[in-house]
Each structure stands twice: as C-alpha cells, then as structure tokens.
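The structure under discussion appears below in the form of structure tokens.
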Amino acid sequence: MHKKTMTKLSVLLLAATTILSACGNNSNNSNAGGNGAAPQSPDAAATDGKKEVSFSIGYAAGDPATKQAIAATVKAFMEANPNVKIKDISETTSAAYLDWLKTKDAVGEFPDLVEMRDTQVFADAGKIVELPSDLLELFSDPPQVDGKVWNAPMSVNVPQGIIYSKKAYADAGITELPKTYDEFIAIQEKLKATGISPLVVGGKDIFHMGFWVNKFLIDDVYVQDPDWNSKRTAKTVSFTDPNVIQAMTDFKDLFTNYVDKGWLSTGDNQTASILVSGKAAQLFSGTWMFSQITEADPNFEFGFYAVPDREGKINVVGLPSPAGWSLSSEAAKDAGKTQAIKDFIRFFFEPEQYATYLASINAIPSTKENVTYEAGEQMQVALDLIADPDVNKSLAINNWWGDNLIPPQFRNWYYKLLQDMVGKNGDVAEYMKQADTEYDAQVKANAQ
C-alpha cells in the first residue's frame with residue numbers, strides 16, 4: 001500500500017475552504033462581517049486592571065483525544081491569564097450530550113461557555129446568544145440559523161471512514177482497497193476467513209452508532225435528497241420507503257455478519273486498543289481516532305479510506321453545520337464574564353494554540369487565518385476527500401437545521417431502535433414503521 005510523505009495541512013486548505021463555502025450555507029449574510037462594532041483587542045481584559053473573573057465551560061468529551069485537547073487549552077489559557085478562573089469544567093462521556101445539557105440547565109448549571117451541537121434547539125429556547133460581532137472576523141462565512149451566527153466553529157466536519165490494520169489486510173491477502181460496496185463486503189469475508197473480527201464498534205456509546213447509521217443514510221437518502229428530513233416532517237416521505245429500507249438492511253446485514261459480537265458492551269474509548277491488539281481488523285470512525293490509535297501503539301501501521309457505495313461513488317460527512325463554542329444568555333448579561341469568554345475564544349483560535357488543538361484530534365481548521373500542522377498519511381486521505389469535487393458531501397441525520405431539523409430526541413431513540421433490530425434479528429420494514437410513528441409523535445409533542 002502506497003505510503004505518502006508527511007505533508008503540510010495548509011496545502012489543501014484553500015481547496016477545502018472553497019468547497020465548504022459553496023456547500024449551501026445560509027445566504028443571508030446580514031450578520032457575517034459584523035454589525036459595525038469596532039473589533040475588540042484580544043488584550044482588552046488587561047485594561048480592566050486584571051480584575052478577578054470566572055466562568056464555567058461545558059463540552060462533549062465522548063472521545064479521549066478531544067477531551068484532552070480542550071482541557072490542555074483551558075489550562076494554557078489560565079496560565080496566561082491568572083486573573084481568570086475557568087471553573088466547573090464540565091465534561092461528559094454520557095451517551096446523550098443533548099440530554100446532559102438539558103439536565104445542567106434544569107439544575108441551574110448551564111455552562112457560561114458551551115460547546116453547542118444542537119444550536120437551533122437552544123437558540124429557540126433562548127439559552128444562548130449570537131456570537132459577539134467582533135469574533136465573526138475570525139471565520140469565513142460560518143453557518144447561520146435564522147440568519148444569525150450562534151457559534152464559533154471549533155473545526156470543520158471531517159469525513160468518516162475505515163481505519164484498518166495493514167497487517168490484518170496483508171494476512172488476509174487484501175492488496176487493493178474496495179472500489180464498490182460489494183468489494184468492501186468481499187474484503188469483510190476475507191478478513192472473517194482468517195479468524196479475526198472484521199469490525200469493532202463502540203456501541204455502548206450511542207453517539208458511536210451514528211457513524212455506520214449515517215454512512216448508509218447518506219449513501220441511500222441524503223445524497224439524492226438533502227431535504228429528506230423536512231419531507232419526513234411533512235409526511236411526504238417515510239422510513240418505510242425503499243431507499244431507507246435498503247440503507248437499514250445494509251446496516252443490519254453488516255452488523256449481523258461482520259461486527260465483533262461484543263459491540264453492544266464496547267465503549268468508544270475501547271475501540272483503539274481493540275484495533276491495535278489485533279482483536280479486530282477495522283474501525284469505522286473519524287480522523288480524531290488517529291492520534292488515539294498512535295498513542296495506543298506507536299508502531300501500529302494503519303490506513304484510512306472512505307467506503308464506496310454500490311455504484312462506486314464516495315459520499316461522506318463534509319458539509320459545514322452550525323456547531324461550536326456558544327455564549328450562554330445568562331453569561332452575556334455580565335460584561336466582565338463576557339469579555340473573559342471572548343478572550344478565551346480568541347486564545348483558542350490563535351494559530352499556535354489552535355494548531356496544537358487541531359493536530360491532537362486531526363481536525364480541519366475553521367478560521368480565516370491559515371493554520372498548519374504536520375498531517376500524516378491517513379489525514380492526507382481525509383483532506384483529499386474534502387478537496388475532491390467528485391466526492392459528495394453531506395451531514396448526519398441530526399446535523400441538519402432549519403426545516404431539516406429533526407426532533408431533538410429522535411436521533412438517540414432511532415439509534416437504540418436499530419440496536420434492538422440487530423439484537424433481535426427484527427424485520428427491517430416493521431422497525432421502520434415504528435420509526436415513522438415515533439417521529440410523528442415527537443414532531444407533534446414539540447409543536448405543543
């Protein structure tokens with residue numbers, strides 16, 4: 001297998017940015033570029049006589065690399081700004097980040113600065129405010145909800161794909177990567193024949209289920225119809241339609257035949273060690289796993305590729321979505337706290353600091369300013385996918401917004417339904433009828 005040399009991430013940033021900018025962001029740019037307010041100096045807090053100030057921060061820590069990267073940034077910021085205390089550093093390995101945030105809100109502990117994923121839900125509830133206008137200058141055309149920018153995007157959505165053991169492929173006599181989904185299945189058969197589990201899945205964490213679920217939904221649904229969610233809300237399409245049935249049949253067949261049998265009790269944070277130990281040959285995940293795998297075994301040789309569909313087309317997660325750091329509406333009422341948070345956001349995106357964060361999770365920068373780090377062979381594949389105009393870019397079922405926003409509780413319910421379907425060898429069509437019923441019930445409940 002051809003090994004590329006190390007390359008600077010910046011090489012493809014222009015191409016990636018061009019594609020991402022053209023990927024259907026809201027064209028209402030009334031907020032982009034600011035509202036006439038003069039940009040604040042990053043050192044504005046210094047004029048405050050170094051007054052003591054504190055704020056709380058909350059973020060999703062489903063994978064260890066991201067958790068470590070954010071914690072390191074918080075520590076560095078406090079060392080550089082001793083008058084600022086970032087307290088209650090909220091981190092969660094909960095299966096449902098949305099539910100965790102709602103619980104925090106219910107007990108009066110909603111973070112002052114929060115990594116926001118369900119932006120429209122919390123914006124509509126009045127829990128977050130628009131991104132301060134003087135921070136907009138950091139980003140190129142960030143996604144908008146209702147014509148407003150609510151987030152400082154921490155990075156750009158990255159493709160997910162197969163992370164595979166080169167040794168396992170060689171042992172199975174696999175010399176070429178698949179050009180179609182049928183060839184991918186043939187590879188699974190070859191791996192299985194050697195006695196190794198072809199695929200490890202961290203199904204104990206519900207968010208991890210989304211990787212495979214959305215691979216099939218993107219291939220069979222979203223690439224053909226990016227507005228499918230809004231049509232489902234309007235009841236003009238159904239989960240029992242042939243394209244969804246096909247996607248979920250492929251999902252069920254893959255899990256039944258090729259996924260390690262302990263997947264339902266395996267945590268996402270266990271998948272790297274299972275892969276490098278040789279107990280499984282492959283993991284379907286994102287680029288943030290590369291550093292975890294290398295940390296688990298620096299000598300482990302692995303590759304990365306996107307799984308093609310039946311026609312040989314490549315479809316991946318890759319569109320921008322409204323997510324990132326958001327300021328709570330409560331924190332926004334406190335001028336000192338707001339300034340400290342703005343200083344933190346600017347610190348987070350300073351090239352030297354931001355490059356360290358990006359490198360630790362193999363992410364793609366969201367900033368206007370060019371930020372570089374050494375990208376390895378596997379990350380270069382991801383960059384090539386983002387830059388390739390022939391690769392179809394999409395979003396996961398719960399990352400759409402506006403009219404395509406699904407009921408906020410539906411994603412986790414649906415993933416658990418699919419877990420049950422696989423575990424009980426259930427009829428796909430019957431399970432998809434349940435999905436229709438639940439979806440309509442949640443839409444109705446949210447409308448009340």
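The values are calculated or read from the model by the stated rules, or taken from the named source; none is laboratory data. These numbers come from a predicted model, not from an experiment. Ideal geometry is used to build each Cβ from the backbone, glycine not excepted, and the neighbour counts take in all protein chains shown. Heads up: the accessible areas ignore ligands, DNA and RNA and are worked out on the full protein's heavy atoms, side chains in. Shrake-Rupley method; radii C 1.70, N 1.55, O 1.52, S 1.80 Å.
Which members of region 130-150 meet the condition of being modelled with pLDDT of 95 or more, open to solvent by 40 Å² or more (accessible area, probe 1.4 Å) and not in a helix (DSSP H, G or I)? The answer is GLU130, LYS148. Quick one: would you say GLU377 is acidic (Asp, Glu) and either crowded, with 21+ Cβ neighbours inside 10 Å or over 30 Å from THR233 (Cα atoms) (or both)? Judged against the criteria, GLU377 is a match. Got at least one residue in region 421-431 being under 30 Å from ILE163 (Cβ atoms), in contact (Cβ under 8 Å) with a residue 12 or more places away in the chain, in a loop (DSSP other than H, G, I, E, B) and open to solvent by 20 Å² or more (accessible area, probe 1.4 Å)? So far as region 421-431 goes, yes, one or more of its residues are under 30 Å from ILE163 (Cβ atoms), in contact (Cβ under 8 Å) with a residue 12 or more places away in the chain, in a loop (DSSP other than H, G, I, E, B) and open to solvent by 20 Å² or more (accessible area, probe 1.4 Å). Residues in region 151-182 that are among the small types (Gly, Ala, Ser), open to solvent by 10 Å² or more (accessible area, probe 1.4 Å) and within 18 Å of the chain's Cα centre (by Cα): SER155 alone.
Annotation: PRO153 fulfils all but one of (1) modelled with pLDDT of 95 or more; (2) of a type outside the set (Gly, Ala, Ser); (3) touching a helix residue (DSSP H, G or I) at 6+ places or on another chain (Cβ under 7 Å); (4) closer than 22 Å to ASN404 by Cβ; the unmet one is (3). Against the condition part of a helix (DSSP H, G or I), modelled with pLDDT of 95 or more, more than 30 Å from ASN370 (Cα to Cα) and aliphatic (A, V, I, L, M), how does ILE174 come out, does it pass? Answer is no for this residue.
Between VAL158, VAL121, the distinction of being part of a loop (DSSP other than H, G, I, E, B), closer than 25 Å to TRP228 by Cβ and hydrophobic (A, V, I, L, M, F, W, C) belongs to VAL158 only.
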